Amino acid sequence: MKIFLLGGTKDSINIIGHIKKNYDACILTTTTTEYGAKLARDGGSDRTIARPLPKEDIIEILSGTDYDLIIDATHPFASHITRTAIGVSQQLKIPYIRFERPSTNLKGIDTSRIHYVNSFSEAGKLIESEFIKGNVLHFAGANTMEEILSHVSPDRFYPRILKAASSLEKCEKLNVDPSHIIEMKGAASTAENIELIEKYDASVMITKESGEIGGVIDKINAANEKDIAVIMIQRPKIEELDKNSIVSNLDELDIKLKDFF
């Protein structure tokens, strides 16, 4: 069986390992970076593509081939590629599964310092009006910096990002001081986040509601420990996504896969 996997997340690496261990499958994984592709290859993916793929390119790859299934394991905030994948699935009549990590379970967590917003622009405006002192820790990726920096001075902006060429170019374009860039190496622990808050004299951190696998609870716990605010961007809603196509763990994925193998 041939599987086209839209990856680039820790979830996708877990999926690759699980499928290769339990099924007879050939997997082509797409990611937006070479780093993500390397992780996919190390995880067992048979082939990788390391660049953003527009809809036309995905259709070209899948047209006339014998791919049996599309698995979309992209980040919960990558709504554009999810909509694209759904459209390709419908156009080419290839079954589609969306692996979507569960929302963060905040039961028992002090949420009093969390400010929920629906966009990065809204987050920037909130910082501009409510958090005018102290520095800003940006834990939401390089692609979201510009909307924040439309409202916040780069002098107080500290992004934690992969030190990939494309991310560094974005920082340079947006006048982010190289000394402000915090290299990302996986999700940080509570202690590591506390260290960053102290080192950079932060008064607020920005994060996505990316689920426990994205380290959200550790960020909140660190913010609570140091009494700083958390601005949390809520997940986008994707109207095109059929809830029957969604799985949120490997057991649910197995139930779907057994229909194909």
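The values are calculated or read from the model by the stated rules, or taken from the named source; none is laboratory data. Remember, predicted model here, so these are calculated numbers, not experimental data. Positions of Cβ are generated from backbone atoms using ideal geometry, with glycine treated the same way; all protein chains shown enter the neighbour counts. With ligands, DNA and RNA removed, areas are computed over all heavy atoms of the protein, side chains included. Shrake-Rupley method; radii C 1.70, N 1.55, O 1.52, S 1.80 Å.
General remarks:
- Matching residues, the stretch 103-156, being among the aliphatic types (A, V, I, L, M) and modelled with pLDDT under 95: 106, 109, 132, 140, 142
- Top-ranked residue in the stretch 39-53 [being out of contact with any Cys (no Cβ under 9 Å at 6 or more places or on another chain), modelled with pLDDT of 95 or more and in a loop (DSSP other than H, G, I, E, B); ranked as least open to solvent (accessible area, probe 1.4 Å)]: 45
- Test: residue 151 is in contact (Cβ under 8 Å) with a residue 60 or more places away in the chain, of a type outside the set (Lys, Arg) and either touching a His at 6+ places or on another chain (Cβ under 6 Å) or not in a helix (DSSP H, G or I) (or both): no
- Within the stretch 163-189, tally of residues that are hydroxyl-bearing (Ser, Thr, Tyr), modelled with pLDDT of 95 or more and within 20 Å of the chain's Cα centre (by Cα): 0
- The stretch 249-261 residues that are more than 15 Å from residue 24 (Cβ to Cβ), paired with ones that are surrounded by fewer than 15 Cβ atoms within 10 Å (Cβ to Cβ) (beta carbon under 8 Å, 6 or more apart): 249/102
- Test for residue 64: is it more than 17 Å from the chain's Cα centre (by Cα), farther than 27 Å from residue 216 by Cα and without any contact (Cβ under 8 Å) to a residue 60 or more places away in the chain: yes
- Listed by first and then second residue, the pairs linking a residue in the stretch 67-95 that is surrounded by fewer than 19 Cβ atoms within 10 Å (Cβ to Cβ) to a residue that is part of a helix (DSSP H, G or I), with Cβ atoms under 6 Å apart and 6 or more places separating them unless they lie on different chains, are 92/62.
- Residue count, the stretch 158-188 (criterion: part of a strand (DSSP E or B) and under 16 Å from residue 199 (Cα atoms)): 5
- Breaking point among (1) part of a helix (DSSP H, G or I); (2) under 20 Å from the mean Cα position of the chain (by Cα); (3) of a type in the set (A, V, I, L, M, F, W, C), for residue 231: (1)
- For the stretch 8-25, filtering for residues that are more than 22 Å from residue 103 (Cα to Cα) and open to solvent by 50 Å² or more (accessible area, probe 1.4 Å) leaves 4.
- Residue in the stretch 62-80 that is under 30 Å from residue 188 (Cβ atoms), β-branched (Val, Ile, Thr) and part of a loop (DSSP other than H, G, I, E, B) present: yes
- Criterion (on the phi > 0 side of the Ramachandran plot and in contact with a strand residue (DSSP E or B) (Cβ under 6 Å, 6 or more places away or on another chain)) met by exactly one of 227, 201: 201
- Residue match in the stretch 28-38 (condition: modelled with pLDDT under 95, part of a helix (DSSP H, G or I) and within 23 Å of residue 209 (Cβ to Cβ)): yes
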